[in-house]
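**Student:** Quick one: this structure, given as C-alpha cells, is what I'll be asking you about.
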Amino acid sequence: FWQRIEKKEARILQRYSDLVLESCMAAGTLPGGVTVEEQTEEEVEVSIVRITDEEGEKAVGKPRGSYVTLTAPHMAGSDPEIDKRCAKALAKQLRAMMPKNNKQRPVLLVGLGNRSMTPDSLGPRTLDHVMVTRHLFSLWPEDLQKAGNVCAISPGVLGETGIESGEAVLGIVQQIKPAVVIAVDTLAAGDPARMATTVQLGNTGIAPGGGVGNRRLALDEKTLGVPVLALGVPLVVRADTLFEGRQQGLIVTPKAIDSIVKASAILLSRALNQALHPRLPKEMKELLASQS
C-alpha cells in the first residue's frame with residue numbers, strides 16, 4: 001500500500017486520515033521533529049509517535065504532541081481475549097498520558113458523534129458503559145474514596161442540536177472545571193486494513209469531523225483551557241484515498257459495522273474504567289456499572 005503512494009495521494013491521505021502513524025508513513029522517510037517508538041504491551045503492538053517541533057508538524061500535518069497507536073488484527077469483537085488485552089494496554093497508556101496531581105477535580109468524558117448513524121456512534125455508545133461517579137460522591141463519600149471522579153456528556157451533533165459540540169463542551173468545562181477532558185470519537189483511516197484493528201490516543205485534542213472533510217470547532221487545550229486527550233477507533237475511509245479522482249465525498253465503512261461499533265465501544269469503555277478507577281474494589285465496580 002505505502003509503496004504505491006505518490007505525492008498527490010500522500011497529501012490526500014494526510015488531509016483525510018486521522019491516524020498520525022499513517023501520516024508519518026505517507027511522509028516517506030521519518031521527518032525531522034518526529035520520533036517513533038515501537039513496543040509490545042499485553043501482546044498488542046504499541047507505536048508512540050512524538051511530534052516535537054514545527055518541522056514535524058508541517059511534515060506530518062498534525063499538531064505537536066504525543067500519539068499512541070495500538071494495533072491488533074483481530075480486535076473489535078473478532079477475538080474477545082484480544083479485546084481484553086487491548087483494553088488493558090490502552091488503560092496503561094491512558095494513565096500515563098493523563099495529568100497528575102489533580103485528583104480533586106473531575107475527569108470529563110465527551111462522546112462525540114451521532115448516535116443515529118452507526119459508524120459515527122462510537123463516542124456516545126462508549127459512554128453507555130463508562131462508570132460515572134461525580135454525582136455519587138455526596139451520597140457515598142466513604143465508599144467512593146478509591147473511585148475516580150468521572151462525569152460524561154454526549155453533546156450530539158450540530159444538525160440535531162444547532163449547537164457546536166465544542167460550544168457545548170466549553171460551557172460544561174467552565175462550569176465544572178475538570179482536570180482533563182477525554183474525547184471519544186470515530187476516526188477516519190487511509191488504509192482500509194486499519195479499520196477496526198487500531199486504537200489511537202493523543203494529547204493534542206481533536207477536531208470533530210476532520211477525517212471526513214467536515215471539520216468543526218476543535219476541542220483542545222487552547223479552546224477549552226484544560227488538557228484534552230482524544231481517543232478513537234478508525235471505522236471509515238474516504239474513497240478519495242482509495243480511488244483516483246472520481247469518488248469524492250464517498251465514505252466507506254465495514255459491512256459488519258453494527259457489531260464492530262458495539263465491540264469497539266465495550267473495548268474503549270473497559271479501558272477507560274480501568275484507567276479512571278484503578279483502585280476501586282470489584283464489587284463497587286459492579287454496583288456503579290449497574291447505576292450507569
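The values are calculated or read from the model by the stated rules, or taken from the named source; none is laboratory data. Because the structure is predicted, anything quoted here is derived from the model rather than measured. Cβ coordinates were reconstructed from backbone atoms using ideal geometry, including for glycine residues, and neighbour counts include every protein chain displayed. Keep in mind that these areas ignore ligands, DNA and RNA; they rest on the heavy atoms of the full protein, side chains included. Shrake-Rupley method; radii C 1.70, N 1.55, O 1.52, S 1.80 Å.
**Student:** Kindly indicate whether any position in the stretch 155-173 is touching a residue at least 60 places away in the same chain (Cβ under 8 Å) and of a type in the set (Gly, Ala, Ser).
**Tutor:** There is no residue in the stretch 155-173 that is touching a residue at least 60 places away in the same chain (Cβ under 8 Å) and of a type in the set (Gly, Ala, Ser).
**Student:** In the set LEU272, LEU280, LEU231, which member is at pLDDT 65 or above, farther than 25 Å from GLN145 by Cβ and crowded, with 18+ Cβ neighbours inside 10 Å? Steps first, please.
**Tutor:** Details: LEU272 fails: farther than 25 Å from GLN145 by Cβ; LEU280 fails: farther than 25 Å from GLN145 by Cβ.
Just a single option satisfies the conditions, and that option is LEU231.
**Student:** Run down ALA239, ALA193, ALA189 and say which single residue is of a type outside the set (Ser, Thr, Tyr), crowded, with 24+ Cβ neighbours inside 10 Å and either at pLDDT 90 or above or farther than 19 Å from ALA168 by Cβ (or both).
**Tutor:** Numbers: ALA239 fails: crowded, with 24+ Cβ neighbours inside 10 Å; ALA193 fails: crowded, with 24+ Cβ neighbours inside 10 Å.
ALA189 is the lone residue from the list that is of a type outside the set (Ser, Thr, Tyr), crowded, with 24+ Cβ neighbours inside 10 Å and either at pLDDT 90 or above or farther than 19 Å from ALA168 by Cβ (or both).
**Student:** Among what's in the stretch 38-61 and is open to solvent by less than 30 Å² (accessible area, probe 1.4 Å) and not aliphatic (A, V, I, L, M), pick the residue that is farthest from CYS24 (Cα to Cα).
**Tutor:** Looking at the filtered set, the residue picked out is SER47.
**Student:** What is the one condition in (1) surrounded by fewer than 22 Cβ atoms within 10 Å (Cβ to Cβ); (2) without any contact (Cβ under 8 Å) to a residue 40 or more places away in the chain; (3) not small (Gly, Ala, Ser); (4) not in a loop (DSSP other than H, G, I, E, B) that LEU30 does not satisfy?
**Tutor:** Evaluating LEU30 over (1) surrounded by fewer than 22 Cβ atoms within 10 Å (Cβ to Cβ); (2) without any contact (Cβ under 8 Å) to a residue 40 or more places away in the chain; (3) not small (Gly, Ala, Ser); (4) not in a loop (DSSP other than H, G, I, E, B) leaves (4) as the failure.
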